[in-house]
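The values are calculated or read from the model by the stated rules, or taken from the named source; none is laboratory data. Just so we're clear, the structure is a prediction, and the values are computed from it rather than from any experiment. All Cβ positions, even for glycine, are placed from backbone atoms using ideal geometry, and neighbour counts span all protein chains on display. Note: accessible area is taken over every heavy atom of the protein model, side chains too, but ligands, DNA and RNA are not part of it. Shrake-Rupley method; radii C 1.70, N 1.55, O 1.52, S 1.80 Å.
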Amino acid sequence: MAGDGGRHGNLQRQRGWSDLPDDILDLVYRGCCSSPYDRIRFAAVCSSWRAVVSWHPKLPALPLLLPSTGNAKRDRKARAYSLEEGRALRRPLRGFPWGKQIVGSHDGGWVAASTGTRIMIVNVFSGDRVALSAKQGIIGCKCPTRSNPRLAGHHLAGQTQTSVKKVIFSKDPSSGGCVLAAITTRCKIALCRVGCCEDDGWTTRGCCTGSYQEISDIAFCNGKLYGLGHDEVFKFDIGMNSNRAPVAHCTSVVPLCGVKFMDKYIFDLRGKLAIAVKFSHKYKCCSFNYFQVYEIDVERHTWVEVTSLDDHALFIGPTRCKAAHVPAATGWRGEVERNRIYYSEQRLCPRHDEKCFKRLDLGSYTVYYGEETPEGMNSERRTIMSRGYHYRHEDDGDGCIWVLPPDF
């Protein structure tokens, strides 16, 4: 009996975390997995813990701050920063397009990267690429004369080359039928449809003509394409030309009075079109920025200020403006809070500004960040609190962009 008791005791001592009952493991999961990264760590313990993870739906991820220099050597040192974790990731992203300029991003880790006029679509997390035809992989431009603006809309590929400023996606580029819309240096809007005939390249709208003022930003909202000018919002319907390639037709213009010379960003906010307007001010010897957000009613040609993002946070960067839902019941996850704006920009950082902000080393870039809307000013001007991530004006490269990982 004593021997049996001893063997029984040894077996009890040998039982580990993998032997916990499923109902107990489920309680552990619910208590400690509040982010996709917690979920990955939980699943890595053993097969029984991984099985518990499969019982629960994937957790939506929040954007990562990704430095991109366009220099292959420097890019290999880059580390994406997770606001949820409050730290940079330990390893570089598997599909990072080293040495290329990142000009756009989409949910699930997809980015558009360019070298000169060549475009590629890659997932920075998995390394997967979306196949583009030879003509879709190069953006060029044949500039129509002002006397013959009807030439606008012809195919771009194989003609006078231009460069890309920004690319956006109508939907997941791997799902088929995705429309890519681009702002280029010589054309207002350029379009192509992923997965079309190999003979289909890029088409343009307002190419080197005076028919539209300069487009500073573009966004898809409810399947429609919108462009942001100096003091107007353009609505474009996307049709097809005789070659069944996508073309943009302007169907509505909304005037924006009083914000002509302001930096503005256009985006989808809870299924409604919205813009964020950036203002600057001085506070305690430091230079700060703050934002005001407006919802745009294209049909009524009106715009109304939004004083709260509710359960969303807004991420503004050089390649994308994304309103993301913050799902935690407490209203925050790590450094991310609901009803906050997080933005990145290139900026000349004087010495007194460096004293106002915290320093963050992301390998290829040194970033200075901090809250940028003091509480007193927030109540006075009814603005939404914001946090800026600044990289030096003298640093070369694309800067720091926001990329949204796939749900884990």
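If you check every pair at least six apart or on different chains, which have Cβ atoms under 9 Å apart with a residue in region 296-313 that is without any contact (Cβ under 8 Å) to a residue 60 or more places away in the chain and farther than 17 Å from Lys264 by Cα first and a residue that is assigned to a loop (DSSP other than H, G, I, E, B) and of a type in the set (A, V, I, L, M, F, W, C) second?
Asp311/Val326; His312/Val326
Condition check: free of Cβ contacts under 8 Å to residues at least 40 places away in the same chain and crowded, with 21+ Cβ neighbours inside 10 Å. Does Phe234 satisfy that? So that I can check it myself, show each step before the final result.
Numbers: free of Cβ contacts under 8 Å to residues at least 40 places away in the same chain: yes; crowded, with 21+ Cβ neighbours inside 10 Å: yes.
Here the answer is yes, as Phe234 does meet what is asked.
Just one of (1) under 18 Å from Thr383 (Cβ atoms); (2) open to solvent by less than 20 Å² (accessible area, probe 1.4 Å); (3) in a loop (DSSP other than H, G, I, E, B) trips up Ser308, so point out which.
(2)
Those residues that are within 13 Å of Cys400 (Cα to Cα) and not acidic (Asp, Glu), I need them from region 75-87; list them, please.
Applying the first criterion (within 13 Å of Cys400 (Cα to Cα)) to region 75-87 yields 75, 78-82.
Once the filter is applied, which keeps residues that are within 13 Å of Cys400 (Cα to Cα) and not acidic (Asp, Glu), region 75-87 yields Ala78, Arg79, Ala80, Tyr81, Ser82.
Please list, ordered by residue number, the helices (runs of 4 or more DSSP H) wholly in region 1-56 having 1 or more residues that are modelled with pLDDT of 85 or more, surrounded by 12 or more Cβ atoms within 10 Å (Cβ to Cβ) and of a type in the set (Lys, Arg).
The qualifying helices (runs of 4 or more DSSP H) are 47-54.
If we keep just the residues of region 159-186 that are surrounded by 19 or more Cβ atoms within 10 Å (Cβ to Cβ), assigned to a loop (DSSP other than H, G, I, E, B) and touching a Lys or Arg at 6+ places or on another chain (Cβ under 6 Å), which is modelled with the lowest pLDDT?
Out of the qualifying residues, it is Thr162.
Which ones in region 76-113 are part of a strand (DSSP E or B) and either open to solvent by less than 40 Å² (accessible area, probe 1.4 Å) or among the small types (Gly, Ala, Ser) (or both)?
Scanning region 76-113 gives Tyr81, Ser82, Ala88, Ile102, Val103, Gly104, Ser105, His106, Trp110, Val111, Ala112, Ala113.
Would you confirm, using the coordinates I've provided, whether Tyr212 is modelled with pLDDT of 90 or more, under 22 Å from Trp303 (Cα atoms) and in contact with a Cys (Cβ under 9 Å, 6 or more places away or on another chain)?
no
Please verify whether Thr373 is farther than 30 Å from Cys250 by Cα, at pLDDT below 85, in a loop (DSSP other than H, G, I, E, B) and open to solvent by less than 20 Å² (accessible area, probe 1.4 Å), treating the condition exactly as stated.
Details: farther than 30 Å from Cys250 by Cα: yes; at pLDDT below 85: yes; in a loop (DSSP other than H, G, I, E, B): yes; open to solvent by less than 20 Å² (accessible area, probe 1.4 Å): yes.
Yes, satisfied.
Looking at region 114-129, which of its residues are modelled with pLDDT under 95 and either open to solvent by less than 20 Å² (accessible area, probe 1.4 Å) or of a type in the set (Val, Ile, Thr) (or both)?
Passing the criteria: Ser114, Thr115, Thr117, Ile119.
Looking at region 319-335, which of its residues are over 13 Å from Tyr265 (Cα atoms) and modelled with pLDDT of 90 or more?
Hits for region 319-335 are Ala324, His325.
Do the conditions hold for Lys73, that is, is it in a loop (DSSP other than H, G, I, E, B) and either open to solvent by 40 Å² or more (accessible area, probe 1.4 Å) or within 23 Å of Ser344 (Cα to Cα) (or both)?
The answer is no for Lys73.
Count, please, the residues in region 254-276 that happen to be surrounded by 13 or more Cβ atoms within 10 Å (Cβ to Cβ) and of a type in the set (Phe, Trp, Tyr).
Of the residues in region 254-276, 2 are surrounded by 13 or more Cβ atoms within 10 Å (Cβ to Cβ) and of a type in the set (Phe, Trp, Tyr).
Hey, Ser280 hits all of (1) over 17 Å from the mean Cα position of the chain (by Cα); (2) modelled with pLDDT of 85 or more; (3) within 28 Å of Ile102 (Cβ to Cβ) but one; which does it fall short on?
Every condition holds for Ser280 apart from (2).
Return the only residue of Arg193, Arg205 being among the charged types (D, E, K, R), buried (at least 22 other Cβ atoms within 10 Å of the Cβ), closer than 18 Å to Met240 by Cα and at pLDDT 65 or above. Don't jump to the end; show me each part of the working.
On the way: Arg193 fails: buried (at least 22 other Cβ atoms within 10 Å of the Cβ).
Going through Arg193, Arg205 in turn, just one is among the charged types (D, E, K, R), buried (at least 22 other Cβ atoms within 10 Å of the Cβ), closer than 18 Å to Met240 by Cα and at pLDDT 65 or above: Arg205.
Quick test of your reading of the structure: Arg76 fulfils all but one of (1) within 26 Å of Leu314 (Cα to Cα); (2) touching a Pro at 6+ places or on another chain (Cβ under 7 Å). Name the failing condition by number.
It fails just one condition, (1).
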